[in-house]
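The values are calculated or read from the model by the stated rules, or taken from the named source; none is laboratory data. Fair warning: this is a prediction, and the values are worked out from it, not measured in the lab. Cβ: placed from backbone, ideal geometry, glycine included. Neighbour counts: every protein chain shown. When the accessible area is computed, the model is the full protein with side chains, heavy atoms only, and any ligands, DNA or RNA have been set aside. Shrake-Rupley method; radii C 1.70, N 1.55, O 1.52, S 1.80 Å.
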Amino acid sequence: MAEKKAILVVLPSVALSSSSEALDKLKKKAALLTNADTAGLEDLALALGGKKVETAALEGAEDALLVVQGDEAALAAALEAADRRTLVVVAAADGLAFYGLAVDSKAGTVARAVNAQDLAVTIATIVDLPISADCTGAIIYQAMKNPNLKLDEIKKLKEALVRMESVIQRDNREPWDKHDCA
């Protein structure tokens with residue numbers, strides 16, 4: 001099972017500016033990109049290794065990137081399937097919303113104009129998907145909680161490695177290893 005995962009919900013007939021229970025829940029804690037050109041985003045997500053699934057298959061899917069196309073019911077299912085390690089990306093008729101993992105819920109509306117390449121590389125960066133050499137997008141840092149997310153993760157790993165090396169160098173043995181009573 002993927003540690004981090006993303007769900008891309010493509011809603012071509014739904015506007016983010018409309019109101020419903022699922023959309024209202026999304027907009028409370030999402031970063032909204034009203035100047036987002038989402039044309040081709042679904043194809044780019046599939047090229048990143050995404051798997052196209054039906055709404056009913058969202059709950060048990062173990063892939064790192066899931067792509068579902070539908071309506072507000074698909075959005076509600078995606079929000080229900082999401083946990084704290086899930087990024088939900090909603091591509092609607094009038095913009096895009098980032099919700100969940102690494103997203104700054106206080107970002108509100110991001111006015112920056114973005115295209116599908118920017119959105120795809122941002123998803124790949126947050127969810128740790130491999131990026132191809134021909135990638136031309138820019139990460140949308142305005143929607144993220146911490147722009148230095150990857151640097152902080154690397155720093156934590158290096159600190160843990162230093163701690164482990166120091167324990168090995170001290171030949172730190174457990175109390176029961178110090179006596180040969182048996």
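A helix-only calculation puts the chain at -10000 deg cm²/dmol for mean residue ellipticity at 222 nm, using -39500 (n - 2.57) for each DSSP H run of at least four residues, averaged over all residues.
The residues packed around Val162, meaning those with a beta-carbon under 15 Å from its beta-carbon, carry a net charge of +3 if Lys and Arg are +1 and Asp and Glu are -1.
All other residues with a Cβ under 10 Å from the Cβ of Ala143 taken together, and with Lys, Arg as +1 and Asp, Glu as -1, what is their net charge? So the surrounding residues net to +1.
Distances between placed amide hydrogens fall under 5 Å for Gly108 paired with Leu32, all partners being 5 or more residues away or on another chain. Relative to the longest principal axis of the Cα atoms of the chain, helix 116-127 runs at roughly 30 degrees. Round to a whole number: what % of the accessible area of region 47-182 belongs to carbon and sulfur, probe 1.4 Å? Carbon-and-sulfur percentage of accessible area, whole number: 53.
Which entry in (i) 44, 36, 33; (ii) 75, 33, 31; (iii) 49, 37, 24 matches Cα extents along the principal axes in Å derived from the coordinates of this structure? Comparing each candidate, only (ii) matches the computed number.
Please list Glu42, Glu54, Glu159 from largest to smallest accessible area, probe radius 1.4 Å, with all protein chains kept in place.
Values: Glu42 40, Glu54 140, Glu159 90 Å².
Reading off the accessible areas and sorting them downward yields Glu54, Glu159, Glu42.
Annotation: the antiparallel percentage among DSSP beta bridges lying fully within the chain is about 40. Here the Gaussian network model covers the chain, with springs between Cα atoms less than 10 Å apart; of Val14, Val162, Val89, Val162 fluctuates the most.
Need the C-alpha centroid separation for region 12-35 versus region 107-160, integer Å. Taking the Cα centre of each part, region 12-35 and region 107-160 sit 21 Å apart.
Average accessible surface for the chain: 58 Å² per residue, computed with a 1.4 Å probe over protein heavy atoms with every protein chain in place. Amide H contacts of Ala92 (H built 1.01 Å from N, in plane; Pro and chain starts excluded): Leu11, Ala97 sit under 5 Å, all sequence-distant by 5 or more or on other chains. The angle between the Cα long axis of helix 149-169 and the longest principal axis of the Cα atoms of the chain comes to about 10 degrees, rounded to the nearest 10. Give the accessible area for Thr34 in Å² (nearest 10); use a 1.4 Å probe, count only protein heavy atoms, and leave out ligands, DNA and RNA. Spelled out: Thr34, probe radius 1.4 Å, area about 80 Å².
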